[in-house]
Amino acid sequence: MATTAPATRPANPRFSSGPCAKPPTHTLDALADAPLGRSHRAAEGKSKLKQAIEDTREILGVPADYKIGIVPASDTGAYEMAMWSLLGERHAEMVAWESFGAGWVTDVAKQLKIEHTVHTADYGQIVDMAALNYDHDVCFTWNGTTSGVRMPNGDAIPADRAGLTLCDATSSAFAMDLPWDKLDVTTFSWQKVLGGEAAHGMLILSPRAVARLESYTPVWPLPKIFRLTKGGKLIEGIFVGETINTPSMLAVEDYLFSLNWARSVGGLQGLIGRAEANARAVWDFCDQHDWIDNLAVDPVTRSTTSVCLKFTDGRITDGAAFAKAVAKRLADENVALDIGAYRDAPPGLRIWCGGTVETADIQAMLPWLAHAFETEIAAG
């Protein structure tokens, strides 16, 4: 078995699933216009925050009557804000096919303690979304960052639903088509598909979600950073850049850079195309090698961002140890950083293929993956 190291290395070895690779043209000099040491409530700061919201709407194609807010604590903060503010009026359908969806189940079952039904699927598979009761509120992830499985579309969600749909879209926004008419709450974070800085979340609300906020008050107390209404009315300022707490204006500038870069590569469709090309390179590699495969069982549900892989060679006796050893070899060679499977997922690898990653880097990395596999098999 050949174990000669490949001659070509990726120009950028960063394939982490979060924080993800910066846009290829990113430099720290691009952030020189950040209003550092200034109040985020000053005119310049408010203008930057409002611009981030407006550019997000433009590139994602969010309808004009949907609200977009910048909120604390990344996607987790945004999604928990939505759950704690909106759930409890009716039964909840909790959908989990990977670790983050399972975390939302814990919030509802152990913290909010509201009536709910849990729908789960094993890693690599997806819940039958058509089997849910959409007269209830439905909480789900669009793309399983830790499982490599995504919803192929929103066809199962009825237009005439009585309940709300709460979608965690943190590893799908800016990489996949999201059907806004099927989503009442959508959340994501800057550090995923656009490679922005962490700690800030985005909360997108449909008119139906706003109506719920203004007509329903949860029985539990809400901390200040979760409060979206005052006196029974939506706090409109949150959705024009008047953030609940102090944001990092350096991170805001970084996000604005990423949005401008996204526009330069063709906007949403350009980003989708880049992610699909990256994922296709990995899928083709798997088709050409019988010792590795996609964790996703059905090709229709394969993620195009967080591509999760499993080793299938019968000579491997300890899957977790083997996968860690391969990932370490790749990191030590500085050809693929941070590609080990998520700690709660089955043993394997997770290669980020979002639009900030160059296909040429994926293609240069994959021969090194084959080399690392062969070397580790020979060492065993």
For Gln111, are the conditions met, namely being open to solvent by 20 Å² or more (accessible area, probe 1.4 Å) and assigned to a loop (DSSP other than H, G, I, E, B)? no
In the range 202-216, which residue that is touching a strand residue (DSSP E or B) at 6+ places or on another chain (Cβ under 8 Å) and surrounded by fewer than 24 Cβ atoms within 10 Å (Cβ to Cβ) is farthest from Ile68 (Cα to Cα)? Glu214
For residues in the range 1-30 being modelled with pLDDT of 95 or more and of a type in the set (S, T, N, Q), which is farthest from Ala364 (Cα to Cα)? Thr27
Restricting to the range 134-181, name every residue that is in contact (Cβ under 8 Å) with a residue 40 or more places away in the chain, crowded, with 24+ Cβ neighbours inside 10 Å and small (Gly, Ala, Ser). Gly144, Ser147, Gly148, Ser171, Ser172, Ala173, Ala175
Would you please name the residue that is nearest to Pro63 (Cα to Cα), looking only at residues in the range 217-226 that are surrounded by fewer than 16 Cβ atoms within 10 Å (Cβ to Cβ) and touching a residue at least 40 places away in the same chain (Cβ under 8 Å)? Ile225
Quick check: anything in the range 249-267 in a strand (DSSP E or B), surrounded by 16 or more Cβ atoms within 10 Å (Cβ to Cβ) and touching a residue at least 12 places away in the same chain (Cβ under 8 Å)? no
Give the range 61-74 a look and list any residue that's at positive phi and crowded, with 17+ Cβ neighbours inside 10 Å, or say none. Ala73, Ser74
Out of the residues in the range 73-104 that are among the aliphatic types (A, V, I, L, M) and part of a loop (DSSP other than H, G, I, E, B), which is farthest from the chain's Cα centre (by Cα)? Leu87
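Can you tell me how many residues in the range 11-45 are outside any loop (DSSP other than H, G, I, E, B), in contact (Cβ under 8 Å) with a residue 12 or more places away in the chain and open to solvent by 80 Å² or more (accessible area, probe 1.4 Å)?
Number satisfying all stated conditions: 1.
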Unique match (being in a helix (DSSP H, G or I), surrounded by fewer than 23 Cβ atoms within 10 Å (Cβ to Cβ), within 25 Å of the chain's Cα centre (by Cα) and at negative phi) among Ala325, Ala360, Ala345, Ala321: Ala360
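Rundown of residues vs (1) modelled with pLDDT of 95 or more; (2) crowded, with 20+ Cβ neighbours inside 10 Å; (3) of a type outside the set (Asp, Glu), yes/no style:
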residue: Thr56; (1), (2), (3): yes, yes, yes
residue: Thr76; (1), (2), (3): yes, no, yes
residue: Met83; (1), (2), (3): yes, yes, yes
residue: Phe100; (1), (2), (3): no, yes, yes
residue: Thr120; (1), (2), (3): yes, no, yes
Pair list, Cβ under 8 Å, 6 or more apart: the range 274-286 residue open to solvent by 10 Å² or more (accessible area, probe 1.4 Å), other residue β-branched (Val, Ile, Thr) and part of a helix (DSSP H, G or I): Arg274/Thr359; Ala277/Thr359; Ala281/Thr359; Ala281/Ile362
Of the listed residues (Phe239, Phe188, Phe174), the one being modelled with pLDDT of 95 or more, assigned to a helix (DSSP H, G or I) and under 22 Å from the mean Cα position of the chain (by Cα) is Phe239
Within the set of pairs 6+ apart or on separate chains, which have a first residue in the range 203-215 that is in contact (Cβ under 8 Å) with a residue 24 or more places away in the chain and among the small types (Gly, Ala, Ser), a second that is surrounded by 14 or more Cβ atoms within 10 Å (Cβ to Cβ) and part of a helix (DSSP H, G or I), and C-beta atoms under 9 Å apart? Ser206/Trp180; Ala209/Ala82; Ala209/Leu86
Residues that are among the small types (Gly, Ala, Ser) and in contact with a Pro (Cβ under 9 Å, 6 or more places away or on another chain): does the range 26-38 have at least one? no
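The values are calculated or read from the model by the stated rules, or taken from the named source; none is laboratory data. Small disclaimer: the values here were computed from a predicted structure and weren't measured. Cβ sites come from the backbone with ideal geometry, for glycine too, and all protein chains shown count toward neighbours. Heads up: the accessible areas ignore ligands, DNA and RNA and are worked out on the full protein's heavy atoms, side chains in. Shrake-Rupley method; radii C 1.70, N 1.55, O 1.52, S 1.80 Å.
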